[in-house]
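Below is one structure, written out as structure tokens, with a few remarks after it.
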Amino acid sequence: MSKTRITKETGAIRIFDAEAMRRALRRIAHEIIERNRDLAALILAGIPARGVELARRIAADIEAIEKVGVATGVIDVSMHRDDVGTRTGLPVVRASQLPLPLEQRTVVIVDDVLFTGRTCRAAMDALSSFGRPACIQFAALIDRGHRELPIRPDFVGKNLPTARAERVRVRLENIDDEPDGVWLLKPNE
Amino acid sequence: MSSQPQRWTRKDLLGLRELSAEEINFVLETADAFKQVGTREVKKVPALQGKTLINLFVEPSTRTRTSFELAAKRLSADIVNISASASSLTKGETLKDTARVLEANHADIIVLRHSSAGAPQFLASRVGASVINAGDGAHEHPTQGLLDLYTIREKRGAIADLHVAIIGDILFSRVARSNIFALLKMGARVTLVGPSTLVPREFEQLGVKVSHKLEEVLPTADVVNLLRIQHERQRKEYFPGLGEYIRFFGLTKERAKLLKPDCLIMHPGPINRGVEIDSELADGAQSVILDQVTNGLAVRMAVLYLCGGIATS
């Protein structure tokens with residue numbers, strides 16, 4: 001694990017650089033393999049946008065380790081959120097893409113940051129509208145605490161204690177056109 | 001994705017004239033996601049759970065009303081239909097008072113079909129609820145325009161640089177106006193075709209071409225959109241007679257031979273078989289008329305989700 005480093009310009013604390021993120025994802029891949037004997041039944045379903053990229057990377061790691069392909073998918077939670085009518089602007093909704101049927105499969109929901117747990121709940125509801133997976137698990141790159149629902153991740157890249165007003169900033173090269181990294185931002189920065 | 005606006009911020013959809021190309025794209029992309037809901041095991045999502053939608057149809061309509069109703073149900077909204085004949089509007093209540101009564105009943109979304117152009121604008125400026133224009137007079141029918149664009153984009157991959165011919169009763173058509181505004185914004189070329197009484201030259205000011213000779217337009221068209229001859233709005237001075245209309249502007253099997261093989265044939269419905277279009281062509285391989293119906297549901301789900309899903313207070 002690289003040392004955390006405070007950049008003078010922004011006051012942001014770096015949690016992961018590219019190398020640390022790579023190792024964390026690799027470890028999650030190992031843990032998923034250990035927990036799931038039947039990799040053919042596995043689906044790694046990312047929540048857009050960064051969860052989709054993380055699911056792809058974990059799947060690539062599993063393939064590199066075990067030499068077997070792993071199915072991936074996209075699970076958009078927009079239609080299943082519980083804050084309808086409270087936001088002043090809506091992001092575009094993406095179509096979910098899942099290998100069907102889900103019956104007899106194990107779906108690992110993948111997201112970048114686990115916070116209140118509401119997104120995870122919405123993802124579980126969305127999955128249910130496609131079918132009834134044998135099992136649902138949850139992987140998050142960062143668990144920052146402050147859960148508002150009885151939800152616990154199965155696989156975590158890093159447990160990061162935060163204050164509620166702080167923000168966690170995740171950047172992925174293929175999505176953000178910036179080097180991989182995770183930062184903790186103090187309020188109003 | 002680069003030209004996409006990050007967020008949708010409108011509570012009302014009154015017309016396509018005021019939307020940007022980015023906003024139109026935003027709705028079309030959102031509709032992609034909602035079209036997929038129809039293929040799920042559970043064809044219903046909780047996106048508008050707890051919201052109340054009122055279909056206020058002061059002018060009769062079956063297909064648009066049904067499409068909105070189905071869209072609202074797939075989004076888990078509660079829905080009430082009010083038609084002109086059954087409402088207090090026939091008892092002399094003004095539109096404004098009707099709207100206030102609906103609001104007092106905690107309506108969150110009002111879908112309005114009205115014979116007067118501008119009625120949705122009037123309503124939207126006076127109520128807090130979201131107002132969706134489901135057709136106002138000869139002004140606009142934005143969800144029909146969006147579903148036409150969605151269908152073109154789905155079948156042809158893109159809209160820019162396509163040549164779209166809109167044929168028939170343009171003068172009285174809100175479908176034509178919504179299509180013209182949106183198609184031009186998306187970079188298509190548009191030619192309006194029909195008798196000079198129904199397609200006056202003044203339309204050229206919008207940036208479209210006007211033609212009174214169907215045979216000259218058909219060979220270069222990528223899409224032909226045939227509008228219904230609106231018997232209920234016609235007066236004798238505009239319209240010589242059905243026989244003469246078919247002779248000059250009906251899409252007959254003979255004329256269809258002039259079309260490019262991949263030209264799409266569209267019609268907003270209901271079809272007058274044998275008038276605007278030959279019956280066999282309406283059911284033929286180039287026809288996407290039923291795709292328009294299916295896509296209408298997805299587009300209306302997207303519009304209700306976007307306008308009804310944002311904070312209104």
Semi-axes, largest first, in whole Å: what does sqrt of 5 times each Cα gyration tensor eigenvalue give for chain B? 32, 23, 17
Could you go through the range A:45-57 in sequence order and give the Karplus-derived ³J(HN,Hα) for each residue, using 6.51 cos²θ - 1.76 cosθ + 1.60 with θ = phi - 60°, rounded to whole Hz, and x for Gly and Pro? 10, x, 8, x, 8, 6, x, 5, 5, 5, 4, 4, 5
May I ask you to give the average projected area over all directions of the convex hull of the Cα atoms of the protein assembly as shown, in nm² rounded to one decimal? 27.3 nm²
How much of the accessible area of the range A:87-141, in percent, comes from carbon and sulfur atoms when a 1.4 Å probe is used? 52 percent
In whole Å, what are the Cα extents of chain A along the three principal axes, biggest one first? 50, 44, 30
Within a Cβ distance under 14 Å of residue A:82, other residues only, what is the Lys/Arg minus Asp/Glu net charge? +2
Can you give the extra length, in nm with one decimal, that the chain gains between residue B:126 and residue B:311 once fully stretched, where that is 0.36 nm per residue apart less the Cα-Cα distance? 64.9 nm
In deg cm²/dmol, rounded to the nearest 500, the helical mean residue ellipticity at 222 nm of the protein assembly as shown, built from -39500 (n - 2.57) for every DSSP H run of length 4 or more, is -10000 deg cm²/dmol
Could you give the nm distance between label points at residue B:285 and residue B:85, where each point is 7 Å from its Cα heading toward the beta carbon? 4.3 nm
Relative contact order of chain B, please, whole-number percent, based on alpha carbon pairs below 8 angstrom and at least 6 residues apart. 21 percent
Accessible surface, chain A, averaged per residue in Å² (probe 1.4 Å): 48 Å²
Count, for each residue of A:72-81, the Cβ atoms from other chains sitting within 10 Å of its Cβ, then give me the mean as a whole number. 3
Listed by chain and number, the residues whose amide H is under 5 Å from that of residue B:264, excluding neighbours fewer than 5 places away on the same chain and using placed H, are B:223, B:224
Residues of chain B: accessible area per residue with a 1.4 Å probe, Å²: 41 Å²
Once the Cα gyration tensor of the range A:111-189 is found, what semi-axes does its equivalent ellipsoid get, as square roots of 5 times the eigenvalues, in whole Å, sorted largest first? 25, 16, 11
Total accessible area lost when A and B pair, probe 1.4 Å, Å² to nearest 100: 2100 Å²
Sum of side-chain charges, residue A:93 neighbourhood, beta-carbon under 9 Å (Lys, Arg +1; Asp, Glu -1): -2
If you place +1 on the Cβ of every Lys and Arg, -1 on the Cβ of every Asp and Glu, and leave all else neutral, what size is the dipole of the range A:75-189 about its Cα centre, to the nearest 20 Debye? 380 debye
Sticking with the crude label model, points 7 Å out along Cα→Cβ, report the distance from residue A:164 to residue A:18 in nm, one decimal please. 3.8 nm
If every alpha-carbon in the range B:10-160 counts as one equal scatterer, what log10 I(q)/I(0) does Debye give at q = 0.09 1/Å? -0.29
The range B:145-193 and the range B:240-271 have their Cα centres apart by a whole-number Å value of 16 Å
Can you work out the FRET efficiency for the pair residue B:197 and residue B:49, with r the C-beta to C-beta distance and R0 = 35 Å, to the nearest 0.05? 0.10
Looking at the range B:183-313, what % of the alpha carbon pairs are farther apart than 20 Å? 54 percent
When chain A is modelled as a GNM with alpha-carbon springs shorter than 10 Å, which of A:116, A:88, A:72 fluctuates the most? A:88
Sparse-neighbourhood loop sites, trypsin sites (Lys or Arg not before Pro) in the range B:192-226 - DSSP loop, at most 13 other Cβ within 10 angstrom: B:213
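The values are calculated or read from the model by the stated rules, or taken from the named source; none is laboratory data. All figures in this text were calculated on a predicted structure; none of them were measured in a lab. Note: ideal-geometry Cβ built from the backbone for every residue, glycine included; neighbour counts use all protein chains shown. Areas reflect the complete protein model, heavy atoms only, side chains present, ligands, DNA and RNA absent. Shrake-Rupley method; radii C 1.70, N 1.55, O 1.52, S 1.80 Å.
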